[in-house]
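*Asks:* What follows is a single structure, and I will ask about it in a moment.
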Amino acid sequence: MNVIFTCGGTAGHINPAIAVANILKERHPDCNILFIGAKGHMEEKLVPKAGYELKCLPGSGLSRSLSFAGLKKNVKAVKHVLSAVSQCKKFIRDFGADVVVGTGGYASFPALHAASKLGLPTIVHEANAVPGLTTKMAAKTASRVLVAFEESAAYYRNPKKVEVVGMPVRKEFVFTEKEAARKELGLDSRPLVVSAFGSLGARAMNYAMADFMKLEQEAGMPFQHIHATGSYGWEWMPEHVKQQGVNVETCDGLDMREYIYNMPTVMAAADVIISRAGASTLNEIGASGTPCILIPSPNVTNDHQTKNAKVLADRGGAVLLPEGENMGKKLYDTVTELLSDHERRSHMSAALRQMVVLDSAERICDMIEDLTHTRKGG
C-alpha cells in the first residue's frame, strides 16, 4: 500500500495527517508513506521529525485583494499551481500511489487535483466548521469528503458525499496520564498553565502574554507556565519580555520556548490551556480533556475560529474571550479564577471528552484501506 498525504502551512494541517499516517503504519508496517508540502513552512520541520519522507512544492498563496498588486499576485499564484500540479503528477507516478489524502494547506489542492486527473481515489478532510476555498475546490472531485463538525455538511454541493469523522489526533493526546506527564516534565506541586497561539505565533497575543508573565512574576509565580512564542514571536519576544522586567532564566516555573514539540505530554500535565481556536488544536485539547481559554484569531476567513470555539464554549468545555485591549490582565484574572475552582475544571474536562471523536484517525484509515482495496480490484 502506497499512500500520499498532502498538507502544510501550519501544524493544524500537518498534525492530523501525521496522526493518520501513524495509525496506518501500525496496521501495515510495510506500507509506504509520502508527504507533499510547500517550501518554507512548518511541514519541513514536523514531517521529517515524525519520520516520514517529504516532497516540497514552491509556495504562492492567493490574495483576496482586488487591487492591481493583488491581481498580479494571483496571476503568479495560478502559474505556481499549474506548475505544482505537474510536479505532483510526477511525485505520484514515481511513488506509485494508491490513495492521496489532503488535510489542508497550499500543497493540498495541486496534489489532490493531480491525483484525480490520474484517476486515483482521493480523500479531503476539512477541520473547520466552515470549509475553506481549497477544500471546496478539492471536494468537487474527491472520492470522500470528511468533516469534523456535523454542521459542516450543509456547506458542500453534495452533502451525501460528506461524512462526519471528527478530527484526527495522535493517540498520545488521549492516553497520556496527567501524573506521568507531570513527572516527565519535572514539575513541582504548583498547577501548570500552557499558552500557545499556533506554529507561527500571534503578535498581539504574544504581547498579551508578556504582560501576563509580568503579573505572574509580581504574584510570586503561583503556578508554572510554559509558553510557545511561535517562529515569528521567537525573533523578538524574549527581548521584549526582558524589557518588561521579567527574567525568564531566573523566574522559577516560567518556561518560554519557540515551539512545543511534546504537546501531548504538556497538555496532559496542564491544568489550563490558553490557545487560539483552530480545529486541530481544539480536538487535541478535547482529547486531553484539559480546560481551556480560547481567544479566536480575528484575522481568519469567515471568522471560523470563533465558530469553532463557540461549539466548545456552548457545551461548557471552554471559556471564550474575544481578542481586545488589556488581554494580559483579563487572561491572568481568568486563569486565576479557573485554578481556584476545581469543580468547574472537572466539569469542563468531562464536557470536552464527550465532544471528541476519539477514533477519527482509525475511521480515516478504514477509508484509505477500502479505497485501496477497491482500486486494486480486491
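*Asks:* Within the stretch 206-226, can you find the residues that are small (Gly, Ala, Ser) and surrounded by 15 or more Cβ atoms within 10 Å (Cβ to Cβ)? I'd like the intermediate steps shown before the answer.
*Replies:* Our first condition is that a residue be small (Gly, Ala, Ser); within the stretch 206-226, this holds for 208, 210, 219-220.
Scanning the stretch 206-226 gives 208, 210.
*Asks:* From the list 229, 176, pick out the single residue that is of a type in the set (Val, Ile, Thr), in the same structural domain as residue 342 (by TED's automatic domain parsing), surrounded by 15 or more Cβ atoms within 10 Å (Cβ to Cβ) and within 22 Å of residue 363 (Cα to Cα). So that I can check it myself, show each step before the final result.
*Replies:* Working: 229 fails: within 22 Å of residue 363 (Cα to Cα).
Selected residue: 176, the only one of 229, 176 that is of a type in the set (Val, Ile, Thr), in the same structural domain as residue 342 (by TED's automatic domain parsing), surrounded by 15 or more Cβ atoms within 10 Å (Cβ to Cβ) and within 22 Å of residue 363 (Cα to Cα).
*Asks:* Moving to a separate point now. Looking only at the stretch 183-206, decide whether some residue is more than 22 Å from the chain's Cα centre (by Cα), at pLDDT below 95 and on the phi < 0 side of the Ramachandran plot. Break it down stepwise before answering.
*Replies:* The initial filter retains those residues of the stretch 183-206 that are more than 22 Å from the chain's Cα centre (by Cα), namely 183-191.
After this cut, where a residue has to be at pLDDT below 95 as well, the list is none.
The answer is no, given that none of the residues of the stretch 183-206 is more than 22 Å from the chain's Cα centre (by Cα), at pLDDT below 95 and on the phi < 0 side of the Ramachandran plot.
*Asks:* May I pose another question? Can you tell me how many residues within the stretch 179-205 are part of a helix (DSSP H, G or I) and either crowded, with 17+ Cβ neighbours inside 10 Å or among the hydrophobic types (A, V, I, L, M, F, W, C) (or both)?
*Replies:* Our first condition is that a residue be part of a helix (DSSP H, G or I); within the stretch 179-205, this holds for 179-185, 203-205.
Retained after the next criterion (residues that are either crowded, with 17+ Cβ neighbours inside 10 Å or among the hydrophobic types (A, V, I, L, M, F, W, C) (or both)): 180-182, 185, 204-205.
Qualifying residue count for the region: 6.
*Asks:* I want to confirm something. Restricting to the stretch 111-133 and keeping residues that are surrounded by fewer than 21 Cβ atoms within 10 Å (Cβ to Cβ) and modelled with pLDDT under 85, which single residue is nearest to residue 277 (Cα to Cα)? Steps first, answer last, please.
*Replies:* Initial filter on the stretch 111-133 (surrounded by fewer than 21 Cβ atoms within 10 Å (Cβ to Cβ)): 116-120, 130, 132-133.
Narrowing further to those that are modelled with pLDDT under 85: 130, 132-133.
Details: 130: 13, 132: 15, 133: 19 Å.
Per the criteria, the residue is 130.
*Asks:* Test residue 267 against the criterion of being in a helix (DSSP H, G or I), in the same structural domain as residue 289 (by TED's automatic domain parsing) and within 15 Å of the chain's Cα centre (by Cα), and give yes or no.
*Replies:* Numbers: in a helix (DSSP H, G or I): yes; in the same structural domain as residue 289 (by TED's automatic domain parsing): yes; within 15 Å of the chain's Cα centre (by Cα): yes.
When the stated conditions are applied, residue 267 passes them.
*Asks:* Among the residues of the stretch 129-178, which ones are part of a helix (DSSP H, G or I), touching a residue at least 24 places away in the same chain (Cβ under 8 Å) and small (Gly, Ala, Ser)?
*Replies:* Within the stretch 129-178, 138, 152 meet the criteria.
*Asks:* Output the number of the condition that residue 309 fails; it satisfies all remaining conditions of (1) farther than 24 Å from residue 162 by Cα; (2) modelled with pLDDT of 90 or more.
*Replies:* (1) is the only condition that residue 309 fails.
*Asks:* Out of 338, 282, report the one residue that is assigned by TED's automatic domain parsing to the domain that holds residue 222, aliphatic (A, V, I, L, M) and in contact with a Lys or Arg (Cβ under 8 Å, 6 or more places away or on another chain). Steps first, please.
*Replies:* On the way: 282 fails: in contact with a Lys or Arg (Cβ under 8 Å, 6 or more places away or on another chain).
Going through 338, 282 in turn, the sole match is 338.
*Asks:* Residue 43 is checked against (1) closer than 26 Å to residue 202 by Cβ; (2) without any contact (Cβ under 8 Å) to a residue 24 or more places away in the chain and fails just one. What number does that condition carry?
*Replies:* (2)
The values are calculated or read from the model by the stated rules, or taken from the named source; none is laboratory data. The model shown is predicted, which means the values in this text are computed figures rather than measured ones. Heads up, the Cβs are rebuilt from the backbone with ideal geometry, glycines too, and the neighbour counts pull from every protein chain shown.
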